[in-house]
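Below is one structure, written out as structure tokens; comments come after it.
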Amino acid sequence: MSTPTTATTATLPHYSPHHFPYSHHQHQHHQHHPHPLPHQPYTPHTHANSSSYRPPATILPPASRLAYPSPGYSSSAASHTLANGLASTSSSDHSRITLHDTATTSADVASRLDLYTTMPPAPSSSNNNSSSTTLPELQPPRKRRRSREPDWGVFYKNGLPKEIIVIDDTPEPDRPGAPPSAAVQTLANGRQHAATAASSATVTATTAAANAANGSAAKKRKRDDELTPYDPVHHSAAAGSHTPSKSTAAASDRTNSAIHTTAATSLGSLSSNGQYEYDAQPGKRKRTTRQQMANEARRREAAIFTDALAHYRPPPYPPKKARDVHIKVIPDPPHSKNVRVDDDDGHYIVIPDNDLTERYQMVKLLGQGTFGKVVQARDKTADKFVAIKIIRSVQKYREASKIELRVLETLRANDSENRNRCIHFRDCFDYRGHICIVMDLLGQSVFDFLKSNTFVPFPNSQIQNFARQLLTSVAFLHDLNLIHTDLKPENILLCHNEYQTFTYNRKIPSASTTNSNRQASQRRVLLDTEIRLIDFGSATFQDEYHSSVVSTRHYRAPEIILGLGWSYPCDIWSIGCILVEFFTGDALFQTHDNLEHLAMMEAVVDARIDVSLVQQVNRMTRNGGNPASKYFKRSKLDYPTTETTRASRRFVKAMKRLPEIIPPTTKFMTQFLDLLQKIFVYDPAQRITAKQALQHPWFREVAHPDDGTEAARIRADKIRMREKERERELTGATAAGHAHGHAGGVGEERARR
């Protein structure tokens, strides 16, 4: 830090809490401010140079921060007031305290400077009888609140500063978006002093080098409940610029400004912007609260996922569309030709530890569906476990599996790194009449996890993580001109099954009043929410044949039920149903009847189906007309009818509206509800797209710390412990190797002797 060599006169503004409010207060400049300058909010700091020790005599700010004037100062000399309240004058100054207005009394001056401490005034060196106004010794400062505004006309009567002494050689970068101003000075500790500081007294002294010893006040333990007096040199009005330090030299090496920290999110407190966090000091324990730690974790998470779409990597344009995949046929071993391998439905009979070709050995059955079975197997060549999908030996399923292989090859060709979290196939073959698709072995499905967790919902933070990954995968599919058509929790696999059990003890949210009494005492929370999208057996290219009915009933979009044709938006509706299920633990539309399904949609959305869609249904007269036209009468849904059962009426009536299912109690929940309302739109042309959903403000919100964030912290701790254990093992192995080498050398030496 360089020491200023020019003499200055320090013009100290009198402190008022109205002049330097906290960062969440707005300050309005006085109406007759002649030169309005940007006002920075004041943040109190715990600083060594503003200690709670207050001697009976007044002291100046530390000498290392001020240049003291030499004798011969004339009170009428023009001075240049700096932006931080310092007035630069000539080098011929007296070491005394003079007033701008000679009529001002000493008591008035003392009242204005009651929050400052300075050294005893030096005796006057004048030989004549003219007396100069000096300040008496001030009493310890009192906590006072000034109600009047400063007289800016008097404060700036000498004009704006024309000279600025920069103490540090490395200035702080300008704040982004702040208007440039010559009246803002950057000091060594990285803080800015605004020109809005009020002043009524001018402090003069001798040179800084001669008084450096006097600038360090005695240290006293700081009380937490004691106000810190404003220091015009070391304290600034820059929000988020808190850098406490034990010495001036240490402060000159640190810069902790708000422009160097991530901005606080809408749910984060001020501490997430660094305003109430303290840097570790030598010999002093860092003081942080749980709330500060939680806010810091939320700030880091918000910094990572500021824009969900920014992390999406689209496929090349035009996307690569794979051709039919060659399926190699593996002959049946000769000794097993007369062995039965299929059941009556064409499913392959799984026997643990039996070979599935010479390369793969079956371990256990993982699942079974209409298409076939999935088994866990060991790859003898790669010596790892894999998952093999064994298709039923039925011709239509064999043909469907060939389409699925073409889709899987398209996914792999356009995303070799699998950044978009869609399952990739590793191998395929035809064995004993069954097409087998080899894939990576993952965890259980999200539905199976919910089922094992007694359908207790996921934490909000994990729902947001699932939504971000799911929408990214679907956006990738849609950019490939692919429609999944069968999105549901069963087709979302977890990469890891590890979980932590937490106490729950509350009512479980529900989409229906019939299930409003569900409760749970505890719930399992995943440690890792990474997922993979699977089951592309029903996936369809946009330019290829579309079957009339797709999707599982509970996740089926209204345009499919109405027979209006379907495209990419049907996947978005399914995602909305999945997200609500993650929040409640139960499927949203639990029905198997089209009319009842449409009535439940109107109950949840709290709006009738668009008249334009009903008119499209009624205008379809080809092939005997649209069967869905019977669901409407006078362009309205005809429910209930005379054939509707009492149980159906009661169940539909019990459905809650979407704001009742997702109560907008916080900004996070309000944004979540808004996203769902943009998803549950009847008209597919007006429904939000996957990319638009990734840009929704909900993904820029950070959920309040919950079981999900705590589980993530536990997972991070476990990863760190494993890394440390691995390092210790490597260190031990290296030490053992050195010891073995040393012992071998000693043995050879003895042998030579």
Is it the case, given these coordinates, that residue 644 is part of a loop (DSSP other than H, G, I, E, B), open to solvent by 20 Å² or more (accessible area, probe 1.4 Å) and not hydrophobic (A, V, I, L, M, F, W, C)? yes
Name the one entry in 701, 729 that is surrounded by fewer than 16 Cβ atoms within 10 Å (Cβ to Cβ) and either within 30 Å of residue 590 (Cβ to Cβ) or among the charged types (D, E, K, R) (or both). 729
All positions within segment 450-478 that are outside any loop (DSSP other than H, G, I, E, B), open to solvent by 10 Å² or more (accessible area, probe 1.4 Å), within 15 Å of residue 499 (Cβ to Cβ) and not charged (D, E, K, R): 452, 465
Kindly establish whether residue 339 is touching a Leu at 6+ places or on another chain (Cβ under 6 Å) and either surrounded by 12 or more Cβ atoms within 10 Å (Cβ to Cβ) or without any contact (Cβ under 8 Å) to a residue 60 or more places away in the chain (or both). no
Reported set for segment 358-371 where residues are modelled with pLDDT under 95 and open to solvent by less than 50 Å² (accessible area, probe 1.4 Å) is 367, 369
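Within segment 621-637, how many residues turn out to be touching a residue at least 24 places away in the same chain (Cβ under 8 Å) and surrounded by fewer than 15 Cβ atoms within 10 Å (Cβ to Cβ)? First the steps, then the outcome.
Step one: filter segment 621-637 for residues touching a residue at least 24 places away in the same chain (Cβ under 8 Å), giving 626-628, 631, 635-637.
So of that shortlist, the ones also surrounded by fewer than 15 Cβ atoms within 10 Å (Cβ to Cβ) come out as 627, 636.
Going through segment 621-637 one residue at a time, the tally reaches 2.
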Subset of segment 388-446 (residues that are surrounded by fewer than 19 Cβ atoms within 10 Å (Cβ to Cβ), more than 16 Å from residue 378 (Cα to Cα) and acidic (Asp, Glu)): 399, 417, 430
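The values are calculated or read from the model by the stated rules, or taken from the named source; none is laboratory data. Quantities reported herein were computed from a predicted structural model and do not represent experimental measurements. In this analysis, Cβ positions are derived from the backbone assuming ideal geometry, glycine residues included, and neighbour counts consider all displayed protein chains. With ligands, DNA and RNA removed, areas are computed over all heavy atoms of the protein, side chains included. Shrake-Rupley method; radii C 1.70, N 1.55, O 1.52, S 1.80 Å.
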